[in-house]
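Data first, discussion second: the structure below is written as structure tokens.
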Amino acid sequence: MERVIVGLSGGVDSSVAAYLLKQQGYEVIGLFMKNWHDDSVTISNECPWLDDSNDAMLVADKLGIPFQTIDLSEQYKERIVDYMFKEYENGRTPNPDVLCNREIKFDIFMKIAMELGADYVATGHYCRKGVIESNETKTYQLLAGVDANKDQSYFLCQLSQDQLAKSLFPIGELTKPEVRKIATEQDLVTAEKKDSQGLCFIGKVKLPDFLQQQLKPKAGKIVEIPKENIIYTTEEPNFNTNQERLEFLSRKLDYHVEDGKVVGTHQGAHYFTKGQRKGLAVGGHTEPLFVIETDVVENVIYTGEGKQHPGLYKKALFVKNEELHWIREDLALNPDETMPVLARIRYRQPLQKATLYKVESGLYVEFDNPQSAITEGQFVAWYLEDELVGSGVIS
């Protein structure tokens, strides 16, 4: 019997994953990861880790599988929390879920599982794994989950071939209602449990409170840029090369306080992210204000009225070489090569038609249609049909 260690999170998805593996004849062990100690920033009664670990234990008991809790809070703080603080401080918006999968679940957790003699690690992600076999070699594919509404392949966009080789995604072929039905039939305590929101494996956390632990509030200006501003009417110059054109399309617009009018104040530009609407507390507008840019050096937030504001939209983005990642290393582009793909810049965004352009310093992603709120620090992931083949940090 092959041994599989399941990351039991105390939710319905990982519970059903464990049940299915047992049905398939694997030797299954449940492991709960404790990643967080600080209750001062957790929204109380909203899925603190204790309730989750308790539910995970009850599920393991019901399925008759061994169970234990491992404390990874030190590594989590080092690899996820400290990174998040640093990114926010630099005016970028990190994605903790993608990082948690790359750094914790499929790295530290996987290593612990292998030390416990596991052949595989399994999670309750809605995605699938494919294998292409040719001459003795196996190439692993990360495929979207069958449930288009729940597909979580995006969160795994930083996995490597080695990590995929040792991973199983038992519920990838199922829809959420089917997963709940199985949990109900098996009388699992998690059957009706709501999906957890918030940071990966921490439960619900108030992000501003969380950030305020290290990033001190400091008052600054909120500036509104009118959509008629000359910055948006600049005609495209003549380009000598395609790379110059892509640089122009992906450039960061340079705003100054005098480009608009001061409409309010805030408590720190590093608490805000592009495309954000909530938390600005500025009235007197027909349409809501959106953050179009943050300047953490000058501590200014630039905003525009309405979700069609030109400051929100861009047609291209850039990923530096050191932040570029191919799951399918065999498909990686060389300089001057291009590839038509489907891409997304955030979880649950419908896939968008785009073209990849590889240059010496990195990779441009040019979309067929302008995209709203392309945000530095977030991940862009690209697909060939339903296979996620690569990703990178938006620079």
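The values are calculated or read from the model by the stated rules, or taken from the named source; none is laboratory data. Fair warning: this is a prediction, and the values are worked out from it, not measured in the lab. Ideal geometry is used to build each Cβ from the backbone, glycine not excepted, and the neighbour counts take in all protein chains shown.
Checked against (1) closer than 24 Å to D209 by Cα; (2) at pLDDT 95 or above, M33 passes all but condition (2).
Does Q371 satisfy being under 18 Å from the mean Cα position of the chain (by Cα) and without any contact (Cβ under 8 Å) to a residue 12 or more places away in the chain? For Q371, the condition - under 18 Å from the mean Cα position of the chain (by Cα) and without any contact (Cβ under 8 Å) to a residue 12 or more places away in the chain - is not met.
Show me the strands (runs of 3 or more DSSP E) found entirely inside the range 278-395 where at least 2 residues are among the acidic types (D, E).
Working: elements: 289-295, 300-305, 313-320, 324-326, 338-344, 352-359, 362-372, 379-384, 387-393.
The qualifying strands (runs of 3 or more DSSP E) are 289-295, 362-372.
Remark: pairs (first residue in the range 48-75, in contact (Cβ under 8 Å) with a residue 40 or more places away in the chain; second residue in a strand (DSSP E or B) and among the charged types (D, E, K, R); Cβ separation under 6 Å; 6+ apart in sequence or on different chains) = W49/K34.
Results for (1) part of a loop (DSSP other than H, G, I, E, B); (2) over 30 Å from V296 (Cβ atoms), shown as yes or no for each residue.
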site	(1), (2)
T93	yes, no
C100	no, no
L143	no, yes
N149	yes, yes
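N135 passes every criterion in (1) surrounded by 12 or more Cβ atoms within 10 Å (Cβ to Cβ); (2) free of Cβ contacts under 8 Å to residues at least 12 places away in the same chain apart from (1).
For (1) within 25 Å of S391 (Cα to Cα); (2) surrounded by 22 or more Cβ atoms within 10 Å (Cβ to Cβ); (3) in the same structural domain as Y83 (by TED's automatic domain parsing), each residue gets a yes or a no:
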| site | (1), (2), (3) |
| --- | --- |
| G130 | yes, no, yes |
| Y140 | yes, no, yes |
| G145 | yes, yes, yes |
| Q161 | yes, no, yes |
| P170 | yes, yes, yes |
| E173 | yes, no, yes |
| P177 | no, no, yes |
| K181 | no, no, yes |
| L188 | no, yes, yes |
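Is it the case that F201 is touching a Phe, Trp or Tyr at 6+ places or on another chain (Cβ under 8 Å) and at pLDDT below 95? Here the answer is yes, as F201 does meet what is asked. I'd like to check something: does the range 162-176 contain any residue that is assigned to a loop (DSSP other than H, G, I, E, B), over 23 Å from L351 (Cβ atoms), of a type in the set (D, E, K, R) and in contact (Cβ under 8 Å) with a residue 24 or more places away in the chain? There is at least one residue in the range 162-176 that is assigned to a loop (DSSP other than H, G, I, E, B), over 23 Å from L351 (Cβ atoms), of a type in the set (D, E, K, R) and in contact (Cβ under 8 Å) with a residue 24 or more places away in the chain.
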